[in-house]
1. Once Rh for the stretch 268-393 is found with the Kirkwood sum over Cα pairs, what is the Stokes-Einstein diffusion coefficient at 20 °C and 1.002 mPa s, in µm²/s?
2. Run the paramagnetic zone check for R283: 7 angstrom along Cα to Cβ, then residues of the stretch 376-393 with backbone nitrogen under 18 Å.
3. Tell me, what is the FRET efficiency for A26 and A162 to the nearest 0.05, using R0 = 56 angstrom and their Cβ-Cβ distance as r?
4. Provide the FRET efficiency to the nearest 0.05 for the S368-A212 pair, computing r from the beta carbons and using R0 = 41 Å.
5. Stretched out fully, how many nm does the piece from L138 to R47 gain, at 0.36 nm a residue minus the Cα gap?
6. Could you give the length gained on full extension between A152 and V16, defined as 0.36 nm per residue of separation minus the Cα-Cα distance, in nm?
7. With label points built 7 Å along Cα→Cβ from the Cα atoms of R190 and L391, find their separation and express it in nm.
8. Considering only the other residues whose Cβ falls under 15 Å of the Cβ of R110, what net charge follows from Lys and Arg at +1 and Asp and Glu at -1?
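Bear in mind that the values in this text are calculations on the coordinates, not laboratory data. Since the model is a prediction, treat every value here as computed from it, not as a measurement. Using ideal geometry, Cβ is built from the backbone for each residue, glycine included, and neighbour counts are taken over all protein chains shown.
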Amino acid sequence: MPHRFRRHLRDNPRTVDLVVIPAVFALALFASLVGTWGTTAEQLDWRPGAALAAIACTALWWHRSHPRAVAAVTAVCASAASGFGYLATPLLLSPAMAGLYWLATETDRRTARLYGLAAIALLVPTALITDRYSNIVLATLNPAVSLLLPVAWGSGVRLRRAYLESLHTRAEHAERTREEEARHRVAEERVRIARELHDVVAHHLALANAQAGTAAHLVRRNPAQAERLIIDLAGTTSSALRELKATVGLLRSPDDPDSPLEPAPGLDRLPDLITAHEAAGLRVTVTTEGDERTLAPGVDLTAYRIIQEALTNVTKHAAAHGAHVTLTYAGHLLTITVSDDGSGAPASDPAGQGGGFGLIGMRERARSAGGRFHAGRRPDGGFTVTAELPLHP
């Protein structure tokens, strides 16, 4: 209930004015009526004090749109009431106190202090001049404290309001940041899955195409060899289906019982990759330099995919008879070099991609693992792909 009440007051500020301003007027009017009781002085007329209270409280209705003017008017009215001889009590000063409070909540700290000190400088001398009670402490300390209190209170309310707004702003910023980060991660995951699909499909289809073409060429002259190629073709397509299922399975829910559990390929499957390319007619040799190390899973997959894509490009574009793969372990780096003895990329395809995304995908894979990638023609003919990968990024 209190929370609903506060929210209602926040959404309907005029409700607060309808309650507070008449109450302030009643306090000031009461101070005008009893301001001289208990003294031997002649009873003061209450009507000037009531008129000044009415003027000050009327000005309070514009405290949101003109807080500085309202504070000035209420301070002048309070000083005038003190000049008429009314005792400057907190009741008499309540309109000026309300004006200074709202000024402190609506403006900055410097403005609130300046207006508060100006009101004190205006009111205290007037109270001293018209002091009917011969009490200097009462004439100075009472109005000074009464006017400083709303300035301090209003400044505290303004600071708390600003603090809560900053918390709300930071919460909104954090929420937007989380949403942007989630979208960024989704985009990265889509790129990664697209790269996996490209590597799987392009590699196996290139091998299948080469094997089918060779088998069609040998089916009449060497039926036995053509039969072996067709058997290898069946194995290539089966492997493609398994890897495609594993890659597309990344899009499934984690608790889906049909999600594939096959681990991601790594350099341990390099012999199978070499065998598949040799079945397609490409002679591949592998050389390892340095002591073999255990690779991080992401680096292991990246190394395998780069070699797979490089050999696929050789099969598709290089018109080569042989390729050489070199794995060099040195320090904290694994350097992969794939070179061929073919004619390199066609003249219409200087990037060596065949109109596809082979080199782009290899470069992105190397960079995602924290490594570097370079590809280009060899001076003596052929094409070379080099990737440097950290063993543990």
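1. For the chosen part, D equals 148 µm²/s.
2. Answer for this model: 381-383.
3. Between A26 and A162 the formula returns 0.95.
4. E between S368 and A212, to the nearest 0.05, is 0.75.
5. 30.4 nm
6. 46.9 nm
7. 3.8
8. Surrounding charge for R110 is +2.
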